[in-house]
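**Q** One structure coming up, written as structure tokens, with questions to follow.
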Amino acid sequence: MSALKKILQDVDEVDLTPMIDVTFLLLIYFMVTTMLKQPEAELSIQLPGKPQSSDITPMDMLKVRIGDEGEVYLNGSEIEDGFDLLMPDLVANLKTQKAMRDQLINSGAKSKEEAELKVEIESSGIAEHQASISVLNACSSAGVNKVTFTFQ
């Protein structure tokens, strides 16, 4: 019984000194590594919104539609090589359109915002993804930088 009383009377002590040291080290670490100025504030990002001048009317987008079976249509007319992965007819049409619009920009007849070539890809929900990738590759080959997607 005396052994049990001795065990119950013993008080366990926890040395808090190392915990306090670690807390101060963490505090110093976070104070040193915290940046006082926000890096996002230095980025120059133009957010989408209303055009600055209302007299800018952009030219129509080219609409590429991908059908259920993977057939490809450019502004309503079917591209004959729609099932070819390289799509040379689509690339040629896009290059022609881009060249015409670049000529309008270079001559000063239209501004870049008005005449820049933009392509809208409308894909069927059941079309294979390879058809969309092939159209994107064709846009890249033609030098088109502005592409948007819509789905049926």
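**Q** Where the second residue is among the hydrophobic types (A, V, I, L, M, F, W, C) and part of a helix (DSSP H, G or I) and the first is free of Cβ contacts under 8 Å to residues at least 12 places away in the same chain and surrounded by 15 or more Cβ atoms within 10 Å (Cβ to Cβ) and lies in segment 76-97, which pairs have Cβ atoms under 8 Å and are six or more apart or on separate chains?
**A** So the pair list comes out as D81/L90.
**Q** Checking V22 against (1) under 30 Å from F149 (Cβ atoms); (2) at pLDDT 85 or above; (3) of a type in the set (A, V, I, L, M), only one condition comes out false. Which one?
**A** So V22 meets the others, but not (1).
**Q** Return a yes/no flag: does segment 117-132 have any residue that is on the phi < 0 side of the Ramachandran plot, assigned to a helix (DSSP H, G or I), of a type in the set (S, T, Y) and under 20 Å from the mean Cα position of the chain (by Cα).
**A** Yes: one or more hits.
**Q** Related question: For segment 128-138, does any single residue satisfy the condition of being buried (at least 19 other Cβ atoms within 10 Å of the Cβ), touching a helix residue (DSSP H, G or I) at 6+ places or on another chain (Cβ under 8 Å), of a type outside the set (D, E) and touching a residue at least 60 places away in the same chain (Cβ under 8 Å)?
**A** For segment 128-138, residues buried (at least 19 other Cβ atoms within 10 Å of the Cβ), touching a helix residue (DSSP H, G or I) at 6+ places or on another chain (Cβ under 8 Å), of a type outside the set (D, E) and touching a residue at least 60 places away in the same chain (Cβ under 8 Å): present.
Table: residues versus (1) closer than 30 Å to A131 by Cβ; (2) surrounded by fewer than 10 Cβ atoms within 10 Å (Cβ to Cβ); (3) small (G, A, S); (4) modelled with pLDDT of 70 or more.
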| site | (1), (2), (3), (4) |
| --- | --- |
| Y29 | no, no, no, yes |
| M35 | no, yes, no, yes |
| L43 | no, yes, no, no |
| P48 | yes, yes, no, yes |
| P51 | no, no, no, no |
| D60 | yes, yes, no, yes |
| K63 | yes, no, no, yes |
| G67 | yes, no, yes, yes |
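**Q** Determine whether V147 is without any contact (Cβ under 8 Å) to a residue 40 or more places away in the chain and not in a helix (DSSP H, G or I).
**A** So V147 passes the test.
The values are calculated or read from the model by the stated rules, or taken from the named source; none is laboratory data. Note that the structure is predicted; figures quoted are calculated from it, not measured. Please note: Cβ atoms are built from the backbone with ideal geometry, for glycine as well, and neighbour counts cover all protein chains shown.
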